[in-house]
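*Asks:* Would you mind keeping the following structure in view while I ask a few things?
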Amino acid sequence: ATEQLLSHNWQAAPLPALAENALGHFTLYAERLRLHGPTVTIGPRAAMTLTLAFHELATNAIKYGSLSNEAGTIELTWKVLDSGTEAELWMQWAERGGPPVVRPERRGFGSRLICTAVSRSLRGRAEMEFPASGVVWTLLAPLAAVEL
């Protein structure tokens, strides 16, 4: 995030460049990461928050999830929803093809970070689901909070 923000005078960073940069450290898995969505301007605070979430999700995928085997993939998708009074950013990290997922018995620091902290920081709602097919993390936040 810092690199992207510095290249944009610490004002904002475009998504998908932010996601590509945040996940760029995981080059061994690059062909298994799929990013889909329009260019959305992400403000500095939201950029740092999302980068932490992407890093935590990717680390968990390598240890336990879809990147812990040879076949799994991750799809990070986002779009802007403009269906009412306030536009929102919808984003989803979906893992597929990894080992069967078992819901953890307790929420660790990482889960709290990518759900509670992201929700508060972006004034939205971030949730994790644990279907057997792969972990799914979904974010819904006001676009105004993401662009700040």
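*Asks:* Condition (residue is part of a loop (DSSP other than H, G, I, E, B), at negative phi and not aliphatic (A, V, I, L, M)) applied to the stretch 110-118: is it met by at least one residue?
*Replies:* No.
*Asks:* Mind checking which pairs have a first residue in the stretch 16-39 that is surrounded by fewer than 17 Cβ atoms within 10 Å (Cβ to Cβ) and a second that is part of a helix (DSSP H, G or I) and of a type in the set (D, E, K, R), Cβ under 8 Å, 6 or more apart or different chains?
*Replies:* Here the result reads 35/20, each pair linking the stretch 16-39 to a residue that is part of a helix (DSSP H, G or I) and of a type in the set (D, E, K, R).
*Asks:* If I filter the stretch 79-100 down to residues being more than 13 Å from the chain's Cα centre (by Cα) and acidic (Asp, Glu), which single residue comes out as modelled with the highest pLDDT?
*Replies:* So the residue we want is 88.
*Asks:* If you check residue 103 against the conditions, is it at negative phi and modelled with pLDDT under 95?
*Replies:* yes
*Asks:* Whether any residue in the stretch 2-24 is in a helix (DSSP H, G or I) and closer than 19 Å to residue 140 by Cβ is what I want to check.
*Replies:* The answer is yes, given that some residue of the stretch 2-24 is in a helix (DSSP H, G or I) and closer than 19 Å to residue 140 by Cβ.
*Asks:* Please pick out the residue among 123, 96 that is among the charged types (D, E, K, R), surrounded by fewer than 21 Cβ atoms within 10 Å (Cβ to Cβ) and touching a Pro at 6+ places or on another chain (Cβ under 7 Å).
*Replies:* 123
*Asks:* Between residues in the stretch 84-100 that are at positive phi and residues that are surrounded by 21 or more Cβ atoms within 10 Å (Cβ to Cβ), which pairs lie under 6 Å by C-beta distance while being six or more apart or on different chains?
*Replies:* Once the first residue is at positive phi and sits in the stretch 84-100, its partners that are surrounded by 21 or more Cβ atoms within 10 Å (Cβ to Cβ) give 97/66.
*Asks:* Which members of the stretch 67-90 meet the condition of being within 16 Å of residue 134 (Cβ to Cβ) and buried (at least 16 other Cβ atoms within 10 Å of the Cβ)?
*Replies:* 67, 72, 73, 74, 75, 76
*Asks:* Restricting the search to the stretch 126-148, which residues are among the aliphatic types (A, V, I, L, M), at pLDDT 90 or above, assigned to a loop (DSSP other than H, G, I, E, B) and surrounded by fewer than 18 Cβ atoms within 10 Å (Cβ to Cβ)?
*Replies:* Scanning the stretch 126-148 gives a single hit, 132.
*Asks:* Pick from the stretch 29-78 the residues that are aromatic (Phe, Trp, Tyr) and assigned to a helix (DSSP H, G or I): which of them is modelled with the highest pLDDT?
*Replies:* 54
*Asks:* Evaluate the following for residue 2: is it surrounded by 12 or more Cβ atoms within 10 Å (Cβ to Cβ), modelled with pLDDT under 85 and at negative phi?
*Replies:* yes
*Asks:* Where the second residue is assigned to a loop (DSSP other than H, G, I, E, B) and of a type in the set (Lys, Arg) and the first is within 10 Å of residue 89 (Cβ to Cβ) and lies in the stretch 124-148, which pairs have Cβ atoms under 6 Å and are six or more apart or on separate chains?
*Replies:* 142/123; 145/123
The values are calculated or read from the model by the stated rules, or taken from the named source; none is laboratory data. Everything numeric in this text was worked out from a predicted model, so none of it was measured. All Cβ positions, even for glycine, are placed from backbone atoms using ideal geometry, and neighbour counts span all protein chains on display.
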